[in-house]
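Read the figures in this text as sums done on the coordinates, not as results from a lab. Nothing here was measured: the structure is a model prediction, and the numbers come from that model. Every residue, glycine among them, receives a Cβ derived from its backbone with ideal geometry; neighbour counts consider all protein chains shown.
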Amino acid sequence: MSVDGANLILQKKPALALLAINREEETYASLISREIGSTFAHTANILGKLESEGLVRFETSGNDNRVKSVGLTSRGKATAVLVEKIVAVMDDTKTDSKRKTIGKKKGKPKKDVKGFAQKLGVINNNIELVKKEELGSKKSISQEDFVRIGQRLGPYRRELRKIIKTGKKVEMKQAAILDKKIDDVLGERERLRGQ
């Protein structure tokens, strides 16, 4: 990795992006941008730089060549592990400077339940926001509105479907509830377009 690459991953947003991709294994730029609190354009720029350093890869998703998932390369996974270790050391230092370094725990790490609940909360809030902003008290919607609603909900639907497909039973159930909520919004969208 070049000096520029090291400088890149030591910045807050690129490091957060790297950790978000590592946590999700495969995700989308739009979801990463929401998770790291950045604009889509800035996130795309960060991901491009991470790709040029050989840390991330893009793959087309399904039949739609415009939608690309983002994953880590083996080099990116190794880098993400190092960034996590740096964060753990820094957090440890912030909480208690006298605390000694504790050895690595054996076994598989537990999934971040709080992070998962927070993620579902963000998705739920965004579904509600789209419903309020796009449908609100409208009596009908244009074709442009119809398409925009689908584009806004698409990343959330893909993320929820991924959870439903690969998650644990409890996670699958929670994701299915939100997926049904998206179905309801899309049904309302369809109804308003027909009027």
Exposure-ranked with fewest Cβ neighbours within 10 Å first, LYS138, LYS119, LYS13 stand as LYS138, LYS13, LYS119
Would you mind computing, in nm to one decimal, how far apart the modelled labels at ARG148 and GLU84 are, each placed 7 Å from Cα along Cα→Cβ?
-> 4.0 nm
When a footprinting reagent is the concern and you count Cβ atoms within 10 Å, what order do MET172, MET90 take, fewest first?
-> MET90, MET172
LYS139 to SER74: FRET efficiency via 1/(1 + (r/R0)^6), r the Cβ-Cβ distance, R0 35 Å, to the nearest 0.05?
-> 0.05
Determine the alpha carbon to alpha carbon distance for each of LYS68/LYS168; LYS13/LYS77; LYS12/LYS77 and list only those over 19 Å.
-> LYS68/LYS168
For the ALA41, LYS168 Cβ pair and Förster radius 45 Å, calculated FRET efficiency rounded to 0.05 is 0.85
With Rg from the Cα atoms and Rh as the Kirkwood inverse mean 1/r over Cα pairs, the stretch 113-193 has an Rg/Rh of 1.02
Sort TYR156, TYR28 so that the residue with the fewest other Cβ atoms within 10 Å of its own Cβ comes first and the one with the most comes last.
-> TYR28, TYR156
What is the distance, in nm, between label points placed 7 Å from the Cα along the Cα-to-Cβ direction at LYS132 and at SER52?
-> 4.0 nm
